[in-house]
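Reading through the structure tokens given below for one structure.
The values are calculated or read from the model by the stated rules, or taken from the named source; none is laboratory data. Everything quoted here is computed from the prediction, not taken from an experiment. Reconstructed Cβ throughout: ideal geometry from the backbone, glycine too, with neighbour counts over all protein chains shown.
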Amino acid sequence: MLFWHVGATLWLFRWIFGDPKVDVRFLLVGAILPDLIDLPLGALLFADRYSTGELWSHTLLVPTTYMVIVLLATRRGRTRRAWMALGVGWLFHLLLDGMWVDRDVLLWPFFGLEIPAGEAPLWSLAWERALSDPWRWAKEAVGVVYLAWLWVALGMSSRDRRQATLETGRLPDHVEAV
């Protein structure tokens, strides 16, 4: 669910933190990072054992360890802020996935070292799961609508604004009157 994670993470970050200095490039990578790591591992590399896209990157242990390492390895400033934004995006991903309902994964390894397997085979059942879950499509639509609104509101159709965002990682300072 790409648009749900990207759009909702941007909205949550802007609503909760309101930090105009955040590097959204790192924040958005963090928003999709758990799926980028766990899906290939659980659905391709270890498909016969796990058959799921929610493995170690969907636990609290891994992003928390990552953020502690960033805090210990960096000093205050732009570098730390960028790498911490990745961790915040990662934690938002867990929130948006509703990982709290699967304590065996979220709180791994505190309830045992084994991560539960998903329904096998993952890929052939993927369309069946996607089509049978209207909330998945509704959340994707919410993400698309928010991203489209933000694009218009921030005047991102301007080449200069897009270029500045790509170079600095910062969204434009203000929302234009629409």
Single condition residue 112 does not satisfy, out of (1) under 30 Å from residue 170 (Cβ atoms); (2) assigned to a loop (DSSP other than H, G, I, E, B): (1)
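Considering only the range 71-92, how many residues are among the hydrophobic types (A, V, I, L, M, F, W, C) and surrounded by fewer than 17 Cβ atoms within 10 Å (Cβ to Cβ)?
First, pick out the residues of the range 71-92 that are among the hydrophobic types (A, V, I, L, M, F, W, C): 71-73, 82-86, 88, 90-92.
Still in the running and surrounded by fewer than 17 Cβ atoms within 10 Å (Cβ to Cβ): 71-73.
Matching residues across the range 71-92 total 3.
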Filter the range 35-63 down to the residues that are among the charged types (D, E, K, R) and part of a loop (DSSP other than H, G, I, E, B), then identify the one that is surrounded by the fewest Cβ atoms within 10 Å (Cβ to Cβ). 48
Cβ contacts < 9 Å: first residue exposed (fewer than 14 other Cβ atoms within 10 Å of the Cβ), restricted to the range 148-162; second residue at pLDDT below 95 and acidic (Asp, Glu), any location; separation 6+ or different chain. Result? 152/176
I need the full set of residues from the range 4-58 which are more than 18 Å from residue 147 (Cβ to Cβ), aromatic (Phe, Trp, Tyr) and out of contact with any Phe, Trp or Tyr (no Cβ under 8 Å at 6 or more places or on another chain), in order please. 17, 46, 50
Go through (1) aliphatic (A, V, I, L, M); (2) under 23 Å from residue 79 (Cα atoms); (3) touching a helix residue (DSSP H, G or I) at 6+ places or on another chain (Cβ under 8 Å) one by one and return the number of the condition residue 2 breaks. (2)
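Scan the range 15-37 and tell me whether some residue there is within 14 Å of residue 116 (Cα to Cα) and hydrophobic (A, V, I, L, M, F, W, C).
Taking the range 15-37 as the starting set, the residues that turn out to be within 14 Å of residue 116 (Cα to Cα) are none.
No, the range 15-37 contains no residue that is within 14 Å of residue 116 (Cα to Cα) and hydrophobic (A, V, I, L, M, F, W, C).
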Picked from the range 115-143 (must be modelled with pLDDT of 85 or more and of a type outside the set (A, V, I, L, M, F, W, C)), the residue farthest from the chain's Cα centre (by Cα) is 134
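Return yes when residue 89 is at pLDDT below 95 and among the small types (Gly, Ala, Ser) and no when it is not. Let's see the steps before the verdict.
Working: at pLDDT below 95: no; among the small types (Gly, Ala, Ser): yes.
When the stated conditions are applied, residue 89 does not pass them.
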Taking only pairs six or more apart or across chains, which ones have beta-carbon atoms under 7 Å, a first residue in the range 102-118 that is over 13 Å from residue 49 (Cβ atoms), and a second residue that is among the polar types (S, T, N, Q) and in a loop (DSSP other than H, G, I, E, B)? 105/59; 106/59; 108/59
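Residues in the range 3-12: is at least one assigned to a loop (DSSP other than H, G, I, E, B), among the hydroxyl-bearing types (Ser, Thr, Tyr) and touching a residue at least 40 places away in the same chain (Cβ under 8 Å)?
Taking the range 3-12 and keeping what is assigned to a loop (DSSP other than H, G, I, E, B), we get none.
Checking the range 3-12: not a single residue is assigned to a loop (DSSP other than H, G, I, E, B), among the hydroxyl-bearing types (Ser, Thr, Tyr) and touching a residue at least 40 places away in the same chain (Cβ under 8 Å).
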